[in-house]
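Some notes on the structure that comes next.
The values are calculated or read from the model by the stated rules, or taken from the named source; none is laboratory data. All values reported here derive from a predicted model rather than from experimental measurement. Reconstructed Cβ throughout: ideal geometry from the backbone, glycine too, with neighbour counts over all protein chains shown. When the accessible area is computed, the model is the full protein with side chains, heavy atoms only, and any ligands, DNA or RNA have been set aside. Shrake-Rupley method; radii C 1.70, N 1.55, O 1.52, S 1.80 Å.
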Amino acid sequence: MSTASAPAQTVADLPPTDVLLELLGVSKEFPVRHEGRRATLSAVDDVHLQVREGTTLGIVGESGCGKSTLGRVIVGLHQETDGELLFADKQLKGRRTRSELQQMQMVFQDPASALNPRATVGESIAFPLRVLRLSPDEVDERVADVIAAVGLPAAYAGHYPHQLSGGQRQRVNIARALAVHPRLIVLDEAVSALDKSIQAQVLNLLTDLQEQYGLTYVFISHDLNVVEYVSDDVVVMYLGQVVERAPAAALYEQPLHPYTQLLLGSVPHLDPRLSRRDEPAPTHEADIPSPIDPPSGCRFRTRCPHAAEVCAQERPAAVTTGPDHVVACHLYTPGSPVPLGTPAVRAAS
Ligand SMILES: Nc1ncnc2c1ncn2[C@@H]1O[C@H](COP(=O)(O)OP(=O)(O)OP(=O)(O)O)[C@@H](O)[C@H]1O
Ligand code: SF4
Ligand SMILES: [Mg+2]
């Protein structure tokens, strides 16, 4: 949850007809035990974002920043603690209906554990279709269709997971998500466990399926190169909060938030000539703080080289700095109390 003094975040408005999914101030807290006491872990805090139909929204951030929790809240596997979710202009409230669950699917990182080892590929794909009460003929037809759509031979319907490679198993998971005819798929580190060459094949498959079925993706990954490759828009998360959101090209070309700059400065680019390793990384590095007791004001302040007094006192409001480019940092607040001329401000000019 946000502190009472935190200004509400805003997002750059996209044409409403384009927006399939919208999150308005969504938070997710977990009750945990910490040092022998009950405590609250703020996994996702006051997230505002929009996903346009037929596009891919990438979500990046270090381990533990709340990417998977956010994905689970989106598809209804976790109930949000606060905030609103709108899907196709309809508010999602409480337990999801069967139709709402059907329209949003999730594909997870580990292709093996997501499949029942004792069920054949055909049975695994058919299971959610039977839950939807499709007739046996419709189930058979859908299973055959999606197995073909993900590029597997028809005979694989009778195979067991142990007979498949990692890439093939992930194709089966994608087929299973696809079979119920969703409009949106959350892909949580869906290619991270695969070898680079297999990764490329699965990414190309996802792109083809998106075109073919008009799918909308939320693509969660710690791999910035992969996110740049697949995303139309990108959200950067830090300790449960969105610190920057922008079209992918703008974000990678000109990252504004000091945390985004840190992330991009630390990743080798696919093209070594464009490696961003030579860019200065923030110097005040420390361990990532705990989401049980996050820093006051700006959660990134303990690692930010530009942190000023105000950063400990006030949560920075989200400021629109360009077309659909939103950043939450006091450096970009009009009349910024943070000294001008810092590297982050120069990067923005
Ligand atoms: N069910 C849960 N109960 C308590 N804490 C949880 C639960 N699920 C996640 N968390 C905590 O919420 C925070 C965010 O976790 P999450 O898995 O969403 O991060 P992530 O960005 O997906 O990390 P990774 O890149 O490692 O997958 C972490 O501190 C995690 O320990
Ligand atoms: S608000 Fe302050 S501490 Fe946070 S990223 Fe901006 S300059 Fe750094
Ligand atoms: Mg995760």
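In this rough spin-label picture, where each label sits 7 Å from Cα along the Cβ direction, the N225-L77 distance is 2.7 nm. Pairwise Cα separations in region 45-136 fall into 5 Å bins from 0 onward with the following percentages, short to long: 2, 10, 18, 21, 19, 15, 10, 4, 1. Segment D208..A148, full-extension length gain: 20.3 nm, with 0.36 nm per residue of separation and the alpha-carbon distance subtracted.
Rolling a 1.4 Å probe across the protein heavy atoms gives region 142-207 an accessible surface of 38 Å² per residue. Based on the Kirkwood approach, the hydrodynamic radius assigned to the chain is 21.3 Å, with every pair of different Cα atoms included.
Tilt of helix 121-131 relative to the longest C-alpha principal axis of the chain, in degrees (0 to 90, nearest 10)? Taking Cα atoms only, the helix is inclined about 80 degrees.
Helix 166-179 axis versus longest C-alpha principal axis of the chain: approximately 80°, rounded to the nearest ten. Relative to the Cα centre, the charge distribution of the chain, modelled as +1 at Lys and Arg Cβ and -1 at Asp and Glu Cβ, gives a dipole magnitude of about 800 debye. Modelled this way, with points 7 Å down the Cα-to-C-beta line, the labels at S290 and S113 are 2.4 nm from one another. For S197 and E141, what does the FRET efficiency come to when R0 = 45 Å and r is the distance between their Cβ atoms, rounded to the nearest 0.05? So, using R0 = 45 Å, E works out to roughly 0.90. In the chain, the DSSP beta bridges split such that about 65 percent are antiparallel, to the nearest 5.
Residue ranges 80-87, 239-246 sort as 239-246, 80-87 when ordered by packing (mean number of other C-beta atoms within 10 Å per residue, highest first). Only one residue of V172, L206, H222 has its Cα farthest out toward the positive end of the dipole of region 154-273, where Lys and Arg carry +1 and Asp and Glu -1 on Cβ, and that residue is V172.
Surface composition of the chain: carbon and sulfur make up 51 percent of the accessible area, probe 1.4 Å. Strictly over 28 Å apart at the Cα level, which of K67/K196; K28/K90; K28/K196 would you flag in this model? Long pairs (Cα-Cα over 28 Å): K28/K196.
For K28, the residues 5 or more places off, or on other chains, whose built amide H falls under 5 Å of its own are A43, V44, D45, D46, T81. With distances taken between every two different alpha-carbon atoms, region 123-253 has a Kirkwood hydrodynamic radius of 16.1 Å. The dipole here belongs to region 53-194: it is taken about the Cα centre, uses +1 on the Cβ of Lys and Arg and -1 on the Cβ of Asp and Glu, and is about 300 debye. Within the assembled protein chains, the solvent-accessible surface assigned to C298 is about 20 Å², based on a 1.4 Å probe.
With an a/c value of 1.5 or above and a/b larger than b/c for the gyration tensor axes a ≥ b ≥ c computed over the alpha-carbon atoms, region 69-190 is described as prolate. Ranked by the mean number of other Cβ atoms within 10 Å per residue, highest first, peptides 96-104, 51-59 order as 51-59, 96-104. Summary value for the chain: 20 percent relative contact order, contacts being C-alpha pairs under 8 angstrom separated by 6+ residues.
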